[in-house]
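J.: Below you will find the structure I want to go over with you.
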Amino acid sequence: MPCLLRFSSFPTQYGNFGINNSGSELLFRKRIIMELSRRKCVPCEGGVPPLKEDQIMEYLSVVNQGWVAKHNKKIEREFNFVNFKHTMDFVNKVADIAEEEGHHPDMHVSYGKVSIELWTHAIGGLSENDFILAAKIDKI
């Protein structure tokens, strides 16, 4: 997993953190990314720009490799299960997390398979919330 961040400004719910080649700042930013699953989604009503491609790639380097960016607007991941009961157990766990976070994915359910799409509807693209939720789903 890469620990060097390549973009010059890193948006978080706490504001933007820029790179100044300070080792402590790089460590601080790495910790922010690594702790995504411990973070809480922040309500988004729009008015903020969606993440840019380089930012999306950095977040994708942290979550499970199964997550794929689609046109830099959404991330998707497919999950496979042995039967419908296991599939629905997973769907219900995702639903519980989504309710807790106030950030809801699109889920496409079929026998033994769930496809999840995440994006922030209010901004028409990806935000940090999408990667927080992805990291939490990865822990199920």
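J.: List the aspartates and glutamates whose alpha-carbon lies under 18 Å from that of Lys85, not counting same-chain residues fewer than 8 positions away?
T.: Counting by Cα, and skipping residues close in sequence, Lys85 has these aspartates and glutamates nearby: Asp96.
J.: Also, quick follow-up: What's the exposure ranking of Thr87, Thr120, going from fewest to most Cβ atoms within 10 Å?
T.: Thr87, Thr120
J.: In nm, to one decimal, how far is the Asp138 label point from the Met57 one, both placed 7 Å along Cα→Cβ?
T.: Calculated label separation equals 1.8 nm.
J.: Then there's this: Among His104, His71, His121, which comes first, then next, by fewest other beta-carbon atoms within 10 Å?
T.: On the way: His104 15, His71 6, His121 11.
Listed from fewest to most nearby Cβ atoms, that is His71, His121, His104.
J.: Mind running the shape call on the stretch 40-88? Use the C-alpha gyration tensor, a ≥ b ≥ c as the square roots of the eigenvalues: rounded below 1.5 for a/c, prolate if a/b tops b/c, oblate otherwise.
T.: In terms of gyration-tensor shape, prolate.
J.: Given a Förster distance of 30 Å, report the FRET efficiency between Glu100 and His71 from their Cβ-Cβ distance, rounded to the nearest 0.05.
T.: That pair, Glu100 with His71, gives E of 0.60.
J.: Given the Cα-Cα distance of Lys113 and Asn92 and 0.36 nm per residue of separation, how much length would full extension add, in nm?
T.: In short, 6.2 nm is gained.
J.: Let me ask you something else. Sequence neighbours fewer than 8 away in the same chain don't count; with that in mind, list the lysines whose C-alpha is under 16 Å from Lys40.
T.: Lys136, Lys139
J.: Got a sec? How would Asp106, Asp130 order by Cβ neighbour count within 10 Å, fewest to most? It would help to have the intermediate numbers written out before the result.
T.: Working: Asp106 12, Asp130 26.
Least crowded to most crowded, the residues run Asp106, Asp130.
J.: To make sure I understand the rule: partners must be lysines, Cα under 16 Å from the Cα of Lys70, and not fewer than 8 residues away in the same chain. Which ones qualify?
T.: Lys52
No value in this document is a laboratory result; all are computed from the given coordinates. Predicted model only: the values in this text are computed from it and were never measured. Virtual Cβ from ideal backbone geometry, glycine too; neighbours counted across all protein chains shown.
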